[in-house]
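Data block below; observations after.
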Protein chains: 2
Amino acid sequence: MKTINLTTQRQAVYDVVRQSEDHPTAAEVMNRLVERGHSFAYGTVYNSLRYLADKELIRELKLGETASRYDARTDDHQHIVCEVCGRVDEVMTPVPEEWMTRVAEETEYEVHEAHVVLEGVCAECRSKRKR
Amino acid sequence: MKTINLTTQRQAVYDVVRQSEDHPTAAEVMNRLVERGHSFAYGTVYNSLRYLADKELIRELKLGETASRYDARTDDHQHIVCEVCGRVDEVMTPVPEEWMTRVAEETEYEVHEAHVVLEGVCAECRSKRKR
DNA sequence: AATAGATTTATACTTATTCTAAATTGAAAT
DNA sequence: ATTTCAATTTAGAATAAGTATAAATCTATT
Ligand SMILES: [Mn+2]
Ligand SMILES: [Mn+2]
Ligand SMILES: [Zn+2]
Ligand SMILES: [Zn+2]
């Protein structure tokens, strides 16, 4: 049931995701694997990412870009994307329970989760802009 | 600058989106155009949707599915997707300003907007399930 | 060692969308 | 009315991300 089989490939993919701070795409994971001397088939990287996400060791993020990103943080959190440089940062402030409750009332849905993608300008791009 | 040129094709695409309650995908828009007796090139439908979204007559939604959906409502609102039947409903209860402010403090971003996709089970699927 | 299930690999395929270059349209100027 | 020119549409090719397939390889158990 709960048994997790970490093959060489899966372990290497997992390591890359865990050691990345920037929510890499599958293509970025692949590049980093090559940098580390691995050469796995593309399909294997996709399979591994899917496997790790299924086992909840990582999360797949759909941020509205063309490619999914992957995140080794599996605790509840959201994301913010810089409109200027594209960086993706963590949002740890939780979505208010009370808002979710109100949405459940409004929509008559049983609400399971909320995926939030915020957009704005990061501190770095803001300071660059002022000048 | 602000001039909007609604060709026959763009007008027809706009009409379909406005008269749809269900946030159709580009392929669904195309089917509905054919039902109405139109036969536009695929590229034209995509171009029209992009044009209308640029002019802010409609909105493009990225809900984490493979295909974008389109929405004739351009006022501020969010969406909820049923995990069982896939239907997409409106969420009009606004995201709390206060939460956005806290996120701005936490991340040091200048926050411009929030895109929220909630997931859960709709009333209809819930009642079907209970039996 | 033999078997069998799981996994990896290379490659083909799919889906959504964008790009391209030629043809068409339509408004403005003659 | 005819010419002109930019904007638009069209058909089809191209791209990007991801999935499916089938053969080869690995691994645990007899
Ligand atoms: Mn994250
Ligand atoms: Mn909507
Ligand atoms: Zn930035
Ligand atoms: Zn439902």
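Values in this text are rule-based calculations from the coordinates and carry no lab data. Quantities reported herein were computed from a predicted structural model and do not represent experimental measurements. Glycine gets a Cβ as well: all are built from the backbone with ideal geometry, and neighbour counts include every protein chain shown.
Okay, here's what the table says:
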quantity: Nm distances between copies for residue A:22, ranked from closest, using label points 7 Å along Cα→Cβ; calculated: 4.1
quantity: Descending principal axes extents, the stretch A:39-119, alpha-carbon based, whole Å; calculated: 50, 33, 21
quantity: The stretch B:1-52: GluC sites (Glu not before Pro) in DSSP loop, at most 15 other beta carbons within 10 Å; calculated: B:21
quantity: Whole-number percent relative contact order across the stretch B:75-131, with pairs defined as alpha carbons under 8 Å at least 6 apart; calculated: 42 percent
quantity: 19 Å Cα-Cα reach of residue A:2 towards lysines, excluding residues that sit fewer than 8 places from it in its own chain; calculated: A:55
quantity: Helix-only CD estimate at 222 nm, as mean residue ellipticity for chain A, using -39500 (n - 2.57) per DSSP H run (n ≥ 4); calculated: -12000 deg cm²/dmol
quantity: Distribution of pairwise C-alpha distances over the stretch A:1-74, 10 Å bins, in %; calculated: 21, 58, 20, 1
quantity: Other copies of residue B:129: label-to-label distances in nm, shortest first, labels 7 Å along the beta-carbon direction; calculated: 4.2
quantity: Per-copy distances of the residue B:86 label point, shortest first, in nm (7 angstrom along Cα→Cβ); calculated: 3.0
quantity: Coil-residue trypsin sites (Lys or Arg not before Pro) of the stretch B:4-61, DSSP, other Cβ within 10 Å capped at 13; calculated: B:36
quantity: Rounded to whole Hz, the Karplus (6.51, -1.76, 1.60) HN-Hα couplings of the stretch A:44-52, x for glycine and proline; calculated: 5, 5, 4, 4, 5, 4, 5, 4, 5
quantity: Residue-averaged beta-carbon neighbours from other chains (10 angstrom radius) around B:100-109; calculated: 6
